[in-house]
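Participant: Quick one: the structure is below, questions incoming.
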Amino acid sequence: MRGFIALTSILIIGALILTISIGLSLRSIGETQISLAEQESHRALALANLCAEAALMKLESVLNYGGNESMAVGGQSCDIMSIEGSGNLNRIVKAKSTVSGHTKKVKVVVSRISPVMQITSWEEVADF
């Protein structure tokens, strides 16, 4: 009888330890996935900002630059959308990128291009 109780106790304790171990492993995997998704989201935002900066540099050198192009950077790509407005004043630059399903969009409002570029706002937006 004592052997049966000891064997049952060992099985119950083993099952509890196994359950706790599996739970901790699943939690760790979940946290790793969240961390990876956050890194990919940051990469997408950095890439969208890079595209916006490139568009601003092109706009500064070519006043009638219209956008509508894609850029490849380090195996990823971003899109410069059509630049709104015309001439030296009140232009809107929009850029977006997607990294592993995470899309980020950036909108830059430029009040003046030359002689010195004046940026009114630079923000991440949900949609254009």
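The values are calculated or read from the model by the stated rules, or taken from the named source; none is laboratory data. Bear in mind the structure is a predicted one, so any value in this text is a computation, not a measurement. Neighbour counts run over all protein chains shown; Cβ positions are idealised from the backbone, glycine included. All accessible areas refer to the heavy atoms of the entire protein, side chains included, with ligands and DNA or RNA removed. Shrake-Rupley method; radii C 1.70, N 1.55, O 1.52, S 1.80 Å.
Participant: Is it the case that the stretch 108-123 has a residue that's in contact with a Phe, Trp or Tyr (Cβ under 9 Å, 6 or more places away or on another chain) and of a type in the set (D, E, K, R)?
Facilitator: Among the residues of the stretch 108-123, not one is in contact with a Phe, Trp or Tyr (Cβ under 9 Å, 6 or more places away or on another chain) and of a type in the set (D, E, K, R), which makes the answer no.
Participant: Ok, one more. Residues to consider are Glu40, Glu31; find the one that is farther than 20 Å from Trp122 by Cα, in contact (Cβ under 8 Å) with a residue 24 or more places away in the chain and of a type in the set (Asp, Glu).
Facilitator: Details: Glu31 fails: in contact (Cβ under 8 Å) with a residue 24 or more places away in the chain.
Checking each option against the conditions leaves just Glu40.
Participant: Has the stretch 97-104 got at least one residue that is under 15 Å from Glu53 (Cα atoms), open to solvent by less than 50 Å² (accessible area, probe 1.4 Å) and hydrophobic (A, V, I, L, M, F, W, C)?
Facilitator: Scanning the stretch 97-104 turns up no residue that is under 15 Å from Glu53 (Cα atoms), open to solvent by less than 50 Å² (accessible area, probe 1.4 Å) and hydrophobic (A, V, I, L, M, F, W, C).
Participant: A further question follows. Between a first residue in the stretch 57-86 that is within 30 Å of Glu40 (Cβ to Cβ) and a second residue that is among the aromatic types (Phe, Trp, Tyr), which pairs have beta carbons less than 8 Å apart while being 6 or more apart in sequence or on different chains?
Facilitator: Every condition considered, the pairs that remain are Lys58/Tyr65; Leu59/Tyr65; Met81/Phe128; Ile83/Tyr65.
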